[in-house]
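Enquirer: I'd like to ask you about the structure that follows.
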Amino acid sequence: MTSHMVTVRGTVHIDTEGCKGCELCIPACRPAVLVMSTDVNDTGYRYPELLPGCTGCRACLDVCPDFCFEVFKYEHPVEVQVESAR
Amino acid sequence: MTVEEPAMHPVGDKLPSLLQSGEHDLCPGCGEPVAIRILLETLAELGLSTSTIGVVGIGCYTAFARTLDVDLVQALHGRAPSVATGVKRMQPTKAVFTLQGDGDMVNEGLQEVLHTAARGENVTCVLLNNGVFGETGGHMTATSVLGQRTKTSLDGRDPDYHGYPIVIGDLLAQLDGAAYIARGSVQNAGAVARTKRMMHKAFETQLAGEGFSMIEVLTMCPTGWFVPTAEGPGYMGETLGQVHVMGELKTRRPK
C-alpha cells in the first residue's frame with residue numbers, strides 16, 4: 001500500500017436519497033472523482049460517491065436530472081493524502 | 001470525529017430559484033429536468049422571475065407545472081404557441097414562453113407554431129425534443145429519425161412506411177417572422193453551457209421586440225429509446241443529433 005497527495009479544490013454534497021441512479025454524473029465529472037456506490041438508497045438505486053480531487057466545476061450539477069448536487073468551491077485548495085494500492 | 005471543512009462558497013444552486021421542489025416522477029436519465037433548469041436559470045438571470053408567463057403543452061414535462069414558481073397557463077395539445085400569442089398581446093410587458101415537447105409541437109400542433117412564427121409573434125417557444133411521445137409510452141413522433149426504434153417502430157423508422165422526420169428548427173428558420181432559432185442539447189456539461197447561452201439569446205430577442213424566437217433542446221429519453229440511462233447521451237449524439245444538428249439556425253443578434 002502506497003499513498004499520494006491529491007489537490008482538492010472543492011466538494012459536492014449529494015442528495016443520495018433523491019438519486020435515481022442514472023449515472024449521467026459519472027462521465028460528466030472531469031477529474032473523474034465520482035463513482036457509483038455498491039450500496040443502494042431507500043428507493044433501490046445506487047448513487048454517486050465522491051473521492052478526493054473535486055474541483056468544484058459543477059458539471060455534475062449541470063447534467064443531473066434529479067437536482068441531487070450542491071457544489072462548493074474551496075477558498076484555498078487543500079492537499080489530501082490518499083492511500084492507493086499498487 | 002467531525003472533520004471541519006475548509007472555507008468555501010457555493011457554485012450554483014442545488015435547485016433553480018424558480019423551482020419549488022426537485023422531486024419529480026420523470027424516469028431516471030431523462031433530459032427534460034436538465035433543460036428546465038436551463039430555462040429557469042435563464043429567466044432568473046435575466047431578471048424575469050416575476051414578469052414571466054409560461055404556457056405549458058402536454059407531455060412528461062407538464063409534471064413540472066405544479067413545482068415551477070412561474071405564472072403558467074395550461075394549453076391543450078399543441079396549442080401553446082396560439083395561447084402564448086393571446087397572452088403576449090394582452091400582456092406585452094411580460095416575457096412569454098411556451099414549454100412543449102416534440103409530440104406536442106411537431107405532431108399535435110405543427111400549424112400552431114408555424115403560424116405563430118410566420119406572424120412574427122414576440123414570444124419564445126421552448127421545444128424539448130427527444131423523438132418520442134414519452135408520456136404516452138414512447139411512440140414515434142414526427143421528429144423521430146430514420147432507423148430510430150420506438151414503441152411503434154420497433155424495427156426502426158422506415159421511410160417507406162413511416163415517412164421522413166420533420167426537422168422543425170430548420171423548417172421554422174425558413175420563415176421571415178422568425179428572428180432567432182437555435183438548437184441545443186443536454187447530452188453533456190458543455191452542451192448544457194452552450195444551450196444556456198442560446199436560451200439567453202432567445203429571451204433577449206423577445207425582450208428587444210425582434211419577433212419570434214424558438215429554442216429546441218435535444219433531451220434524452222432512455223426509456224423510450226430502449227437504452228440504459230448511461231448510454232442515453234451517446235445514443236442521442238449518434239441518432240437524433242445527426243439529423244437535428246446543434247447550433248444557431250437563424251439569428252439577428254451578434255454571434
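Enquirer: Run B:Gly22 past the list (1) more than 19 Å from B:Ala84 (Cβ to Cβ); (2) in contact (Cβ under 8 Å) with a residue 24 or more places away in the chain; (3) within 13 Å of chain A (Cβ to nearest Cβ) and report the number of the one that doesn't hold.
Expert: (2)
Enquirer: Only one residue in A:Thr16, A:Thr7, A:Thr2, A:Thr55 is in contact (Cβ under 8 Å) with a residue 24 or more places away in the chain, out of contact with any helix residue (DSSP H, G or I) (no Cβ under 6 Å at 6 or more places or on another chain), within 11 Å of chain B (Cβ to nearest Cβ) and among the polar types (S, T, N, Q). Which one?
Expert: A:Thr55
Residues are listed down the side, and each one gets a yes or a no for (1) modelled with pLDDT under 95; (2) at the interface with chain A (Cβ under 8 Å from one of its Cβ atoms); (3) assigned to a loop (DSSP other than H, G, I, E, B):
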{"position": "B:Met1", "(1), (2), (3)": "yes, no, yes"}
{"position": "B:Glu4", "(1), (2), (3)": "yes, no, yes"}
{"position": "B:Pro28", "(1), (2), (3)": "no, yes, yes"}
{"position": "B:Val34", "(1), (2), (3)": "no, yes, no"}
{"position": "B:Ile53", "(1), (2), (3)": "no, no, no"}
{"position": "B:His77", "(1), (2), (3)": "no, no, yes"}
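Enquirer: From the list B:Ser144, B:Ser185, B:Ser153, B:Ser213, pick out the single residue that is buried (at least 16 other Cβ atoms within 10 Å of the Cβ) and touching a Cys at 6+ places or on another chain (Cβ under 9 Å).
Expert: The conditions single out B:Ser213.
Enquirer: Among residues belonging to the range B:173-203 that are among the basic types (Lys, Arg) and not in a strand (DSSP E or B), point out the one that is nearest to B:Leu40 (Cα to Cα).
Expert: B:Lys196
Enquirer: What is the residue count in the range A:15-62 for residues that are more than 13 Å from the chain's Cα centre (by Cα) and among the aliphatic types (A, V, I, L, M)?
Expert: Qualifying residue count for the region: 1.
Enquirer: Return yes or no: is B:Ala44 more than 14 Å from chain A (Cβ to nearest Cβ), out of contact with any Asp or Glu (no Cβ under 6 Å at 6 or more places or on another chain), part of a helix (DSSP H, G or I) and more than 30 Å from A:Cys60 (Cβ to Cβ)?
Expert: So B:Ala44 fails the test.
The values are calculated or read from the model by the stated rules, or taken from the named source; none is laboratory data. All of these numbers come straight from a predicted model, not from anything done at the bench. Positions of Cβ are generated from backbone atoms using ideal geometry, with glycine treated the same way; all protein chains shown enter the neighbour counts.
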